[in-house]
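The values are calculated or read from the model by the stated rules, or taken from the named source; none is laboratory data. The structure presented is a predicted model; accordingly, all values stated were derived computationally and were not measured. Ideal geometry is used to build each Cβ from the backbone, glycine not excepted, and the neighbour counts take in all protein chains shown.
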Amino acid sequence: MNKQTALLSIVFALVTAFLRPAIAAERNALTEAMKQSVVSLEISFYGYEQIQPWRRKDLTQNHAHACAVGEYQVLTTAWNVADLAYVKALRLGQNEFIPAKIKLVDYESNLCLIELDPNSMTEPLKPLVFSEDYPKGAEVDFYWLSSDNRIYNGRAYLDRASVLQTNASYEKRLHYVVANTSRNTSTGQVYCIGSKAIGIAYWANDNKEAGLISGKVINAFLAAAAKKDYKGFGAVGFAVSELLDPAMRAFLKMPESLKDGVYVRDVYTLGTGSDVLEQGDVILAIDGYALDSYGRFRHEKYEQLDFEHLITCKSVGDKVVFAVWRDGKKQQINADIKNFRADEMLIPYHEYDRQPEYVITAGFILQKLTREYLTRWGDDWSGKVSPHLYHYYRDLAFKPTPDRSDIVILSYVLPSPVNLGYKDLGQIVVSKFNGMTIRSIADILTAQKLRPDSKYDVIEFEMDNPLIVIPRDQLPAADAFTSRNYGVTKLVNVNQ
């Protein structure tokens, strides 16, 4: 080490030693200020079993974190309240729990607004205001109130901004990733730079990284929640593939000077762009932001981002402009920002807070296919479920049509005297019931009333699977047998 380097090291050490007490004092002051802005949530949830959809899961209790965004309102992640039975809050210095209820939950934004009972609080909370600043590399602090009524804090660094899928939904939103967290991160903890909140945590990994729902997403959610009619934010209605192959560009009649643009490989029947884009389009820009061959654009604040942000950051009813290459020329296409509920999908990505839809007849469990049902096969479920069922999820989940809004399957058979010989059937798609094409789970109830003079109900399936014949005169006894021997408390749950 030369003299100059040694001198610089000494100066740095002296400056650090001089500043450390001031930094510590500032952090102590911020921690003190946060005492009236963070709460702990005690959450109980249950949900339903997917394989036995008439049964609730055991009531489970968990703790989560939230921060004040109003004197009597707190914000947490939607994931924390999925399948909620009840929630109550604990604030620092108040030993009694505060009754609480959900005001608004948006699973696609992964945010939930919770109202606390003012009559059960000794004083109002101190609301936080979320900043949309993005000082990349800045040191951040995070705070939370533990379930034993103690406030804690930790530190990390703001590493990058990214458009990521949340753990609650199929949608992608703008998130921050922080690195080198000094403590374990839990969902709902609030992250700050100085006195400014910048986001709340929703995931963490073993590499000391954590993902934050950004202040921009939070502010948009809170602004929309303040309106009488919450419409939510845009959803992407198409899928893209990178466009790197010069031969493919030549096939699309794109000039060599046109280096950017991303290929539209699929168009859904739901979401933004589904009504105006075509498979084979090349999206060159969205709202004037040029897309590269990977579907990314350069943001003036966040640097490189995936194109989804240009749609999901907008409110439903806003406009968006696509610049596309179609039929050998550039075109400009205007579209409305749209979104959709998960239960509108052909294969719903999630069905939080709802009982699965099913019909049980003669021990045959006819069930609406959902992603949550498929995930019951555990890790790597995509390789374990029937390829035919996975095809519907992978290729058609976002493509319901007027002719088909659900996929109905024979899940499995509860053995009884009336269904002998059929007990090994399962994981097959229903095509017809009593000659009626099945477009939704509700169609089963209609089909059961058809052919009143027939002695049998007949169920047909896709993929040349054998049909099922059920003697109608034995149905009452068979259903009673199913209820009595398998504990089926309700034979039908269909939302009509």
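Entry remark, the stretch 226-244: residues being touching a helix residue (DSSP H, G or I) at 6+ places or on another chain (Cβ under 9 Å) and either among the acidic types (Asp, Glu) or over 30 Å from residue 113 (Cα atoms) (or both) number 1 in total.
Filtering 297, 307 for residues that are hydrophobic (A, V, I, L, M, F, W, C) and in contact (Cβ under 8 Å) with a residue 24 or more places away in the chain leaves a single hit, 307.
Within the stretch 437-457, does at least one residue satisfy the condition of being within 23 Å of residue 391 (Cα to Cα), assigned by TED's automatic domain parsing to the domain that holds residue 391 and touching a His at 6+ places or on another chain (Cβ under 9 Å)? No, the stretch 437-457 contains no residue that is within 23 Å of residue 391 (Cα to Cα), assigned by TED's automatic domain parsing to the domain that holds residue 391 and touching a His at 6+ places or on another chain (Cβ under 9 Å).
Collect the residues in the stretch 216-239 that are over 25 Å from residue 197 (Cα atoms) and over 20 Å from the mean Cα position of the chain (by Cα), keeping them in residue-number order. Residues satisfying the conditions are 228, 229. Listed conditions (1) farther than 21 Å from residue 465 by Cα; (2) buried (at least 18 other Cβ atoms within 10 Å of the Cβ); (3) over 27 Å from the mean Cα position of the chain (by Cα) are all met by residue 425, apart from (1).
Condition check ((1) surrounded by 11 or more Cβ atoms within 10 Å (Cβ to Cβ); (2) modelled with pLDDT under 95; (3) among the aliphatic types (A, V, I, L, M)) across all residues:
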{"position": "15", "(1), (2), (3)": "no, yes, yes"}
{"position": "57", "(1), (2), (3)": "yes, yes, no"}
{"position": "89", "(1), (2), (3)": "yes, no, yes"}
{"position": "94", "(1), (2), (3)": "yes, yes, no"}
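Restricting the stretch 371-409 to residues that are in a loop (DSSP other than H, G, I, E, B) and of a type in the set (Val, Ile, Thr), the residue that is farthest from residue 443 (Cα to Cα) is 385.
The residue list 167, 149 contains one member that is touching a residue at least 40 places away in the same chain (Cβ under 8 Å), closer than 30 Å to residue 96 by Cβ and not in a strand (DSSP E or B), which is 149.
Could you list, in sequence order, the residues of the stretch 334-347 that are in contact (Cβ under 8 Å) with a residue 60 or more places away in the chain and surrounded by fewer than 17 Cβ atoms within 10 Å (Cβ to Cβ)? Show your work before the answer.
Of the residues in the stretch 334-347, the ones in contact (Cβ under 8 Å) with a residue 60 or more places away in the chain are 335-340, 342, 344-347.
Listed by number, the residues that qualify are 336, 344.
Applying the criterion of being touching a Lys or Arg at 6+ places or on another chain (Cβ under 9 Å) and touching a residue at least 60 places away in the same chain (Cβ under 8 Å) to the residues of the stretch 441-476, the residue that is surrounded by the fewest Cβ atoms within 10 Å (Cβ to Cβ) is 457.
Of all residues in the stretch 266-280, those satisfying the criterion of being surrounded by fewer than 20 Cβ atoms within 10 Å (Cβ to Cβ), farther than 14 Å from residue 335 by Cα and not polar (S, T, N, Q) are 266, 280. Scanning the stretch 47-104 for residues that are β-branched (Val, Ile, Thr), in a strand (DSSP E or B) and more than 18 Å from residue 168 (Cα to Cα) yields 60, 69, 74, 87, 98.
The set of residues in the stretch 189-216 that are closer than 14 Å to residue 110 by Cβ, modelled with pLDDT under 95 and either aliphatic (A, V, I, L, M) or part of a loop (DSSP other than H, G, I, E, B) (or both) is empty.
Residues checked against (1) buried (at least 18 other Cβ atoms within 10 Å of the Cβ); (2) under 20 Å from the mean Cα position of the chain (by Cα); (3) farther than 22 Å from residue 490 by Cα:
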| site | (1), (2), (3) |
| --- | --- |
| 315 | no, yes, yes |
| 332 | no, no, yes |
| 349 | yes, yes, yes |
| 352 | yes, yes, no |
| 365 | yes, no, no |
| 387 | no, no, yes |
| 403 | no, no, yes |
| 408 | yes, no, no |
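Determine which single condition residue 101 fails, assuming it passes every other condition in (1) surrounded by 22 or more Cβ atoms within 10 Å (Cβ to Cβ); (2) out of contact with any helix residue (DSSP H, G or I) (no Cβ under 9 Å at 6 or more places or on another chain). All conditions are met except number (1). Evaluating residue 217 against the criteria (1) touching a residue at least 12 places away in the same chain (Cβ under 8 Å); (2) crowded, with 16+ Cβ neighbours inside 10 Å; (3) over 28 Å from residue 339 (Cα atoms); (4) not acidic (Asp, Glu) leaves one unmet condition, (3).
On the given criteria, is residue 287 out of contact with any Phe, Trp or Tyr (no Cβ under 8 Å at 6 or more places or on another chain), within 27 Å of residue 214 (Cα to Cα) and not hydroxyl-bearing (Ser, Thr, Tyr)? Walk me through how you get there before you give the answer.
Values: out of contact with any Phe, Trp or Tyr (no Cβ under 8 Å at 6 or more places or on another chain): yes; within 27 Å of residue 214 (Cα to Cα): yes; not hydroxyl-bearing (Ser, Thr, Tyr): yes.
In short, yes.
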